[in-house]
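Here's the structure, in structure tokens; my notes come after.
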Amino acid sequence: MDFSLSQEQRQIRDMVAEFVDEEVKPRAAEIDAEDEFPADLVRQMGELGLMGMPFPEEYGGAGLDYHSYAIGLEEISRGSGGLGTVVAAHTSLAGNMLYEFGDEEQKEEYLTPLNTGEDVGAFALSEAGAGSDVPAMTTTAERDGDEYVVNGGKLWISNGSVADTVTLFAKTDPDAGRKGISSFVVRPEEDDGFVVEGTEEKLGDKGCPTVELRFDDLRIPADRRLGEEGEGFVHALKTLDGGRISIAARGVGIARAALDEALRYAQDREQFDRPIGDFQAIQHKLADMDTKLQAAKLLMHRAADRKIRGESYVKEAAQAKLYASEISREVANEGIQIHGGYGYTKDFPAERFYRDAKLNEIYEGTSEILRNTIANELLD
């Protein structure tokens, strides 16, 4: 095993890190406070090739391997957890749906503008009564000649109010359970009946709009169906497996940010006539924070490696996402503790890291569901 980065991977890391340090970090507190979608930063990332990192150049992507994509997303999330979610939902979910299950015409028409950053993507799967229990969805798509008529709604949709392309899941055969779910491409600006019902006010993850969607007799041309009828459930599961690597990267990035700020504060803050970093209690916290962070990075890259090799990575992606999610919260929590009273205020970014980290344990598979997935893989 080679644990060193290639020259290309180091270049990607350094390029994204420079962009984050110069453009994202100076605005991170503002994005968090105002909770506005940073469209200008997204455009800049598109120009840098960061909105289509893992996809081939023939479709406007950057043609990077999944290690490089994870590294890039880690850096973006280090600057802003909300921006990390914007990219993850756009790339790993919406983009990957089109790349894996779209035909050539669909890839050229819808994937290419996503990869160049011209369009923003969203992934509409969850519903109020169908989160972890995907087959419980009630949104339907009824065939009517050369169209499908969609009725229902979706909840917790990242990028949902700013997306130009949405990959949507609906039941084409409501009596067939998971085998009756199909997936489609929706264009909100073109398709009548697509309604943004409301935007959620969240604890963290600011800058990435999370919305409720409603579909009132939404008509979708039949040629916008992805694959065959009844394949949507499998599409969702396979897409979420890859998406979990990206959420692991988000967790690693937030944990890095929390550790960096804690290290800086421990060296600057003095008590009893010396920096608090001289005290063993603080040193042990920092040591544990970094150890957890490094372990999460290894799990993330192991899952990416298996994906690149074309091997099954269901368990590895679940483990990477589970562990990185939980340690990002733990590291952020210790970061607040090291900052003391200041860590509980908005004068320092420590509290923002904690709020952003918590989401990792909930979306794209809760920690409880991931433990079920891991156990099932072990027992199979």
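Here are the numbers for this structure:
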item	result
Between helix 232-268 and the chain: long-axis angle, C-alpha atoms, 0 to 90°, nearest 10	20 degrees
Accessible area, probe 1.4 Å, largest first, for residues 348, 194	348, 194
Cβ charges +1 (Lys, Arg) and -1 (Asp, Glu), total dipole of the chain, debye	1520 debye
Alpha carbon centroid spacing (whole Å) that separates the range 258-304 from the range 74-90	22 Å
Rounded, prolate or oblate (a/c below 1.5 giving rounded, otherwise prolate when a/b exceeds b/c) for the range 143-251 by Cα gyration tensor	oblate
For the range 306-319, 3J(HN,Hα) per residue [Karplus equation, 6.51 cos²θ - 1.76 cosθ + 1.60, θ = phi - 60°, Hz, x = Gly/Pro]	5, 5, 4, 6, x, 8, 4, 9, 4, 5, 5, 5, 5, 5
Under the Karplus curve 6.51 cos²θ - 1.76 cosθ + 1.60, θ = phi - 60°, whole-Hz ³J(HN,Hα) for the range 178-189, x wherever Gly or Pro sits	5, 7, x, 9, 10, 10, 9, 9, 10, 10, x, 6
The range 125-164-the range 1-16 distance, computed between alpha-carbon centres (Å)	39 Å
For the chain, convex hull volume per residue from C-alpha positions, Å³	138 Å³
Hz values of 3J(HN,Hα) by residue in the range 148-157 - Karplus curve (6.51, -1.76, 1.60), Gly and Pro given as x	10, 10, 9, 9, x, x, 10, 10, 6, 8
Within straight-line cross-link reach of residue 154, lysines at Cα separation under 28 Å, skipping those fewer than 8 residues along the same chain	107, 171, 179, 202, 206, 238, 315, 321, 358
Cα Rg, Dmax (largest Cα-Cα span) when computed across the range 6-99, Å	12.7, 39
Residues of the chain: accessible area per residue with a 1.4 Å probe, Å²	44 Å²
Accessible area (Å², 1.4 Å probe, nearest 10) - residue 146	120 Å²
Spin-label proximity, residue 287 to the range 246-280 - amide N less than 11 Å from point 7 Å beyond Cα toward beta carbon	280
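The values are calculated or read from the model by the stated rules, or taken from the named source; none is laboratory data. Quick caveat: nothing in here was measured; it's all calculated off a predicted structure. Please note: Cβ atoms are built from the backbone with ideal geometry, for glycine as well, and neighbour counts cover all protein chains shown. All accessible areas refer to the heavy atoms of the entire protein, side chains included, with ligands and DNA or RNA removed. Shrake-Rupley method; radii C 1.70, N 1.55, O 1.52, S 1.80 Å.
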